1. Just give me the residues in the stretch 108-128 being open to solvent by 50 Å² or more (accessible area, probe 1.4 Å), more than 13 Å from residue 152 (Cα to Cα) and either part of a loop (DSSP other than H, G, I, E, B) or touching a residue at least 40 places away in the same chain (Cβ under 8 Å) (or both), in sequence order.
2. Could you please give the count of residues in the stretch 129-162 that are in a loop (DSSP other than H, G, I, E, B) and either open to solvent by less than 90 Å² (accessible area, probe 1.4 Å) or among the acidic types (Asp, Glu) (or both)?
3. Considering (1) modelled with pLDDT of 75 or more; (2) of a type outside the set (A, V, I, L, M); (3) touching an Asp or Glu at 6+ places or on another chain (Cβ under 7 Å); (4) over 19 Å from residue 63 (Cβ atoms), say which one residue 169 fails and leave the rest.
4. Return the total of residues in the stretch 79-107 being open to solvent by 80 Å² or more (accessible area, probe 1.4 Å) and closer than 13 Å to residue 135 by Cβ.
5. Could you tell me which of the residues 42, 27 is modelled with pLDDT under 75, small (Gly, Ala, Ser), within 26 Å of residue 152 (Cα to Cα) and assigned to a helix (DSSP H, G or I)?
6. When the residues of the stretch 172-184 are filtered to those that are surrounded by fewer than 12 Cβ atoms within 10 Å (Cβ to Cβ) and not in a helix (DSSP H, G or I), which remaining residue is modelled with the lowest pLDDT?
7. How many residues, within the stretch 60-75, are open to solvent by 70 Å² or more (accessible area, probe 1.4 Å) and either among the basic types (Lys, Arg) or assigned to a helix (DSSP H, G or I) (or both)?
Amino acid sequence: MKDILVAWKDAAPAAGAMLAAVSVVVAFIAFWYTRRANRRRATLDMVMKTLMDSDVQEKYRAFRDLIRKNADVDDPFKIVSIADDGSIGTSDRNVITHQMNIYELMALGIRRGLFDEAFYKRWYHNQFMMDYEGASDFINAMQAKKSSIYCEATALYATWLKDGHPVSSPNRFKMAWWAFRRQHDKIDSARAMANAR
């Protein structure tokens, strides 16, 4: 019995260090999981606010109408005209800035790790890309005055333009996995979608 106690006494520091290391790993996993869950919750809250708020939806419809009006070659309206200081406070300027501010907040939240980019990318990729391109004349005119205006949305647009939508632009690892599993139909489909863009 004495030998067992002596052996435990010699092993106690190593056991204590091992227990401390396991505690650190468990704490790190709990922190990581909580942060991930909070990011997803914040993302879902933002998306639900955008989807359920009738005022936001009405302003988005007005934004899309302005984008269509700008794209119409027969219409004299050009979106760049509301970037002038004389249009501050007008309804058209308020509609554009409201939607672009939502996108700027979304992009900043993604960059800072507050929102889940993968969720946003699957949900908003096409809408964000079309809206950014439709408002690009306004954005460029505003950035000519001050480069920090909509800089986060611009950075997100550049990243998503390069990467594409996750469904139509699978990464190299997924393509390699499909090749390994001989799922050539998925590879061909992804390539066809990428070429269609």
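1. Those that are open to solvent by 50 Å² or more (accessible area, probe 1.4 Å), more than 13 Å from residue 152 (Cα to Cα) and either part of a loop (DSSP other than H, G, I, E, B) or touching a residue at least 40 places away in the same chain (Cβ under 8 Å) (or both): 114, 118, 119, 122, 123.
2. Pass one, the stretch 129-162, residues in a loop (DSSP other than H, G, I, E, B): 135, 146-150.
When the remaining residues are screened for being either open to solvent by less than 90 Å² (accessible area, probe 1.4 Å) or among the acidic types (Asp, Glu) (or both), the result is 135, 148-150.
Residues meeting the conditions: 4.
3. So the condition that residue 169 fails would be (1).
4. Adding up the residues that qualify gives 1.
5. Values: 27 fails: within 26 Å of residue 152 (Cα to Cα).
Exactly one of 42, 27 is modelled with pLDDT under 75, small (Gly, Ala, Ser), within 26 Å of residue 152 (Cα to Cα) and assigned to a helix (DSSP H, G or I), namely 42.
6. Taking the candidates together, the pick is 181.
7. Here is the first cut: in the stretch 60-75, the ones open to solvent by 70 Å² or more (accessible area, probe 1.4 Å) are 61, 65, 68-69, 71, 73-74.
Cutting the leftovers down to either among the basic types (Lys, Arg) or assigned to a helix (DSSP H, G or I) (or both) gives us 61, 65, 68-69, 71.
Here the count works out to 5.
The values are calculated or read from the model by the stated rules, or taken from the named source; none is laboratory data. Computed from a predicted model, the values in this text were never measured in an experiment. All Cβ positions, even for glycine, are placed from backbone atoms using ideal geometry, and neighbour counts span all protein chains on display. Keep in mind that these areas ignore ligands, DNA and RNA; they rest on the heavy atoms of the full protein, side chains included. Shrake-Rupley method; radii C 1.70, N 1.55, O 1.52, S 1.80 Å.
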